[in-house]
Amino acid sequence: MSGSDPGPAVSIDTCERHLNRHRGRTEPVSEADRTPLTFGQLSVLRITARWPTDRWPETYLSVVVPVPAECPLDRVYAGLRSLCERHESLRTHFAETPRGPIQFVRPVEDRVRIATIEDPGADESAAMAIGRGQAAELIDRERDFGRRFTVVTDGGRPRFVVLVCDHIAADGFSLRRLSGELTVLMGGDDPEGRRWLTETPVQPRELALFQRSDANRSSRTAALAHWTRLLDTLDPGVFPVPDHGDQDPGRIEAVLRSPGARSALATAAERLGVPAHGVLLALSSVALAVVSGTARVVLTLQSSNRFRLPWQDLVSSMNQYAPLPLDIGAAPDGFGRYAASVQAAALRSYRFGAYDIDEVTALVRAERGIELGFDNFYNFMAQDIMAAPPYPAASGHASARVEATLPNRQVGPRFDMRVRGGREMPVVIRTDPRVLPEDRLHSLLSWYDQELRRLAVDAEVSTQALYATCESAVARTAS
């Protein structure tokens, strides 16, 4: 593997010299260019500030974009520069000031910094590793833009583009939009990307000003009142979760891949009359109660906050954490009724998912005398699940497999579950081995597969029965 020079117009060395000159700018930033952060950006800033800086690159998001067969390098470079022109988050610096953190947008560079790596025969997995390797160094938010671009070539022909973004610059949806637009800019076909390119994108500065405006005052007030109710009604031993995710690095990860579980979840959702998100969330609350040894649990949902025009398609960090307290001990016995109640509670939490984390942190300090923390994450991304015909109970078990995987992060939540889309519906759990050792983690994922299949054929399963089977599955492998 070797680095290759993309030519005089986009030379990495030339780009680096230009970037260094740019970093060394001494002219003041005008007041018009100084804007407070959006609530999503501010949450990323505050949460990552608690982690060791050498761990930050683990949290960067990445996506691989295949390059259309006839697309030359120059067109790839032009497409990447166009993304930076269109989306201010890709050319924004962040700084702390006496009046609080600000963002300031820079003009797009004449030559956007792009690493070009020759690696004959590289597939998407290898390209991802190359791209993340190029982003292994810390992004200094005051001096660097929150993105790293890598083009992987084969015989000089571009094969893949890897986009890596600091989470303060982009979330998962943002990467989807960027990859869609880039695909079209490179001559490929992406209907969403084509539509997005016809639009003038809204920018994070506009959202930041709106969120702090009188027009949004009622939403800000309602969100803070929601947090106040949580503190007033929940026992201090339950909420909020203490902030200790950065104190004990070390995480393990495993994934369940099961087309049968995907089909079963779709069927169970149809039978129970509850969205797939709520069925799996309710099942996960049962699992968490078993793992934590307490019936009262607090999960952390990730609200996309993409519910209102014109902000749905904004390229920025919009996600914020939405706590969801649940009490398995008080759950309705029928799992269908419990899942429906969990889904309703989750929707309420999402509704108040956009908030000023500085205000909430101050409230928690005043009421509880501790730092605000988040743990026990649940992130459902399998939006492609559709209702299926009645599930054939005896088929499909052999297709399920549980595999150990290498986590990108060694800090953060001690229990973090992500459900991805696709034929196999990967269910990924990253955990602290002191909370859930590897053998018990694998048993837990197998339990998900077993009980989703069960729910697909038996709508009368009780919540307590699911708790008992989970407890048995995890206990069998407990040391």
Problem set entry | Filter pass, Pro332 being open to solvent by 10 Å² or more (accessible area, probe 1.4 Å) and either acidic (Asp, Glu) or within 30 Å of Val164 (Cβ to Cβ) (or both) | no
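Take Glu85 and decide whether it is open to solvent by 50 Å² or more (accessible area, probe 1.4 Å), closer than 19 Å to Ser43 by Cα and of a type outside the set (Val, Ile, Thr). Write out each step before concluding.
Details: open to solvent by 50 Å² or more (accessible area, probe 1.4 Å): yes; closer than 19 Å to Ser43 by Cα: no; of a type outside the set (Val, Ile, Thr): yes.
It is false that Glu85 is open to solvent by 50 Å² or more (accessible area, probe 1.4 Å), closer than 19 Å to Ser43 by Cα and of a type outside the set (Val, Ile, Thr).
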Problem set entry | Any hit, the stretch 185-205, residues being buried (at least 21 other Cβ atoms within 10 Å of the Cβ), at pLDDT 95 or above and in a loop (DSSP other than H, G, I, E, B) | yes
For this session: Could you please find all residues in the stretch 45-73 being more than 30 Å from Asp358 (Cβ to Cβ) and of a type outside the set (A, V, I, L, M, F, W, C)?
Result: Pro66, Pro68, Glu70, Pro72
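State which residue is nearest to Met425 (Cα to Cα) when the search covers only the stretch 278-308 and only residues that are of a type in the set (S, T, N, Q) and open to solvent by less than 10 Å² (accessible area, probe 1.4 Å). Quick ask: steps written out before the conclusion?
So in the stretch 278-308, the residues of a type in the set (S, T, N, Q) come out as 284-285, 292, 294, 300, 302-305.
Going one step further and asking which of them are open to solvent by less than 10 Å² (accessible area, probe 1.4 Å), we end up with 284-285, 300, 303.
Values: Ser284: 15, Ser285: 19, Thr300: 21, Ser303: 20 Å.
Out of the qualifying residues, it is Ser284.
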Problem set entry | So Asp54, is it open to solvent by 40 Å² or more (accessible area, probe 1.4 Å), among the charged types (D, E, K, R), on the phi < 0 side of the Ramachandran plot and at pLDDT below 95 | yes
Problem set entry | Scan of the stretch 79-92 for residues that are more than 15 Å from Val65 (Cα to Cα) and among the small types (Gly, Ala, Ser), ordered by number | Ser82, Ser89
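Of the residues that make up the stretch 362-374, is at least one under 25 Å from Arg418 (Cα atoms), within 18 Å of the chain's Cα centre (by Cα) and open to solvent by 20 Å² or more (accessible area, probe 1.4 Å)?
Residues of the stretch 362-374 under 25 Å from Arg418 (Cα atoms): 372-374.
Imposing the further condition that a residue be within 18 Å of the chain's Cα centre (by Cα) reduces the set to 373-374.
Among the residues that remain, those that are also open to solvent by 20 Å² or more (accessible area, probe 1.4 Å) are: 374.
There is at least one residue in the stretch 362-374 that is under 25 Å from Arg418 (Cα atoms), within 18 Å of the chain's Cα centre (by Cα) and open to solvent by 20 Å² or more (accessible area, probe 1.4 Å).
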Problem set entry | Condition broken by Pro275, with the remaining ones in (1) surrounded by fewer than 24 Cβ atoms within 10 Å (Cβ to Cβ); (2) closer than 18 Å to Ile357 by Cα satisfied | (2)
Problem set entry | Positions within the stretch 174-183 being open to solvent by 20 Å² or more (accessible area, probe 1.4 Å) and either modelled with pLDDT under 95 or in contact with a Pro (Cβ under 9 Å, 6 or more places away or on another chain) (or both), in sequence order | Thr183
Seminar exercise, completed: Filtering strands (runs of 3 or more DSSP E) wholly in the stretch 53-171 for at least 2 residues that are more than 21 Å from the chain's Cα centre (by Cα) and in contact (Cβ under 8 Å) with a residue 40 or more places away in the chain gives 92-95, 102-105, 114-118, 147-154, 157-165
Problem set entry | Selected residue [assigned to a strand (DSSP E or B), within 23 Å of the chain's Cα centre (by Cα) and not small (Gly, Ala, Ser)] from Pro249, Pro323 | Pro323
For this session: Looking only at the stretch 396-450, count how many residues are touching a helix residue (DSSP H, G or I) at 6+ places or on another chain (Cβ under 7 Å), open to solvent by less than 10 Å² (accessible area, probe 1.4 Å) and at pLDDT below 90.
Result: 1
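Let's see how each residue does on (1) in contact (Cβ under 8 Å) with a residue 12 or more places away in the chain; (2) charged (D, E, K, R); (3) within 23 Å of Leu207 (Cα to Cα):
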site: Gly293; (1), (2), (3): no, no, no
site: Leu301; (1), (2), (3): yes, no, yes
site: Leu314; (1), (2), (3): yes, no, yes
site: Phe335; (1), (2), (3): yes, no, no
site: Ala340; (1), (2), (3): yes, no, no
site: Thr361; (1), (2), (3): yes, no, yes
site: Ile370; (1), (2), (3): yes, no, no
site: Phe374; (1), (2), (3): yes, no, no
Seminar exercise, completed: How many residues of the stretch 319-346 are over 19 Å from Asp416 (Cα atoms), at pLDDT 95 or above and in contact with a Phe, Trp or Tyr (Cβ under 8 Å, 6 or more places away or on another chain)? The answer is 0
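The values are calculated or read from the model by the stated rules, or taken from the named source; none is laboratory data. Keep in mind the model is a prediction, meaning the values are calculated, not measured. We place every Cβ from the backbone using ideal geometry, glycine too, and count neighbours over all the protein chains shown. For the accessible areas, the whole protein counts, side chains as well, though only heavy atoms, and no ligand, DNA or RNA atoms are used. Shrake-Rupley method; radii C 1.70, N 1.55, O 1.52, S 1.80 Å.
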